[in-house]
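Q: One structure is given below, represented as structure tokens, and several questions about it will come after.
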Amino acid sequence: MEPFFTWHRLRRSLLALLCLYLFSDLQGQTITLNVKDEKITKVFASIEQQTSIRFVYTTEGISKAKNVTLTLDRASVESALEKLFAGQPLLYSRDGQYVSVKAKPPVTTPAPIPAKPVASSEPLIIRGTIIDESQLPVAGAVVQISPVGATTVSDESGNF
């Protein structure tokens, strides 16, 4: 009976050590870098040499990447990636040992919604004077209020 318990303990101990090793390998990878105005592809290569991380990207996808100036001393992989991609026009996602890199999509602003004319029972009265750079009145200038659809022309004194 004694050899069974010894083998069982040994197997359990080996399994625990294997789990600890695998966990420490994934979590314990550190990156040390000192680069100044380097292309991002060279930084990728340096990180790949120090860790099991592999970068996946297209040349077109990283064409707008800025040069990198970065100093890291035994930084974790996640910390290093966050600092590397901060301020870059790139997005990254990590899946195990692979880091996929692509360009950020362009930011588009929605087109402004045109104002709808307000229905009113009272007539809308807008008054003003049109003057040029010399502060002289401009006669015959067309004034149009698009949302309402009103149009008028200024008189000899620039009034409308």
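None of the figures in this text is laboratory data; all of them are computed from the coordinates on show. Bear in mind that the values here come from a model prediction, so they are computed numbers and not experimental data. Glycine gets a Cβ as well: all are built from the backbone with ideal geometry, and neighbour counts include every protein chain shown.
Q: Over all directions, the average projected area of the alpha-carbon convex hull for region 27-103 comes to how many nm²?
A: 4.4
Q: Another one. Return L90, L84, L10 ranked ascending by Cβ neighbour count within 10 Å, so the fewest neighbours appear first.
A: Listed from fewest to most nearby Cβ atoms, that is L10, L90, L84.
Q: Let me ask something else about it. Multiplying the sequence separation of N34 and F160 by 0.36 nm and subtracting their Cα-Cα distance, what value in nm do you get?
A: Full extension from N34 to F160 adds 38.6 nm.
Q: Here is a further query. In nanometres, what is the gap between the two model label sites at T6 and D95, each 7 Å from Cα along Cα-to-Cβ?
A: Those two pseudo-labels are separated by 4.8 nm.
Q: Same structure again: If the reach is capped at under 27 angstrom between alpha carbons, list the lysines near K36, excluding any in the same chain fewer than eight residues apart.
A: K64, K66, K83, K102, K104
Q: GluC sites (Glu not before Pro) within region 43-146: which are DSSP loop residues with at most 10 other Cβ atoms inside 10 Å?
A: E60, E133
Q: Can you work out the FRET efficiency for the pair T108 and N67, with r the C-beta to C-beta distance and R0 = 30 Å, to the nearest 0.05?
A: Calculated value: 0.65.
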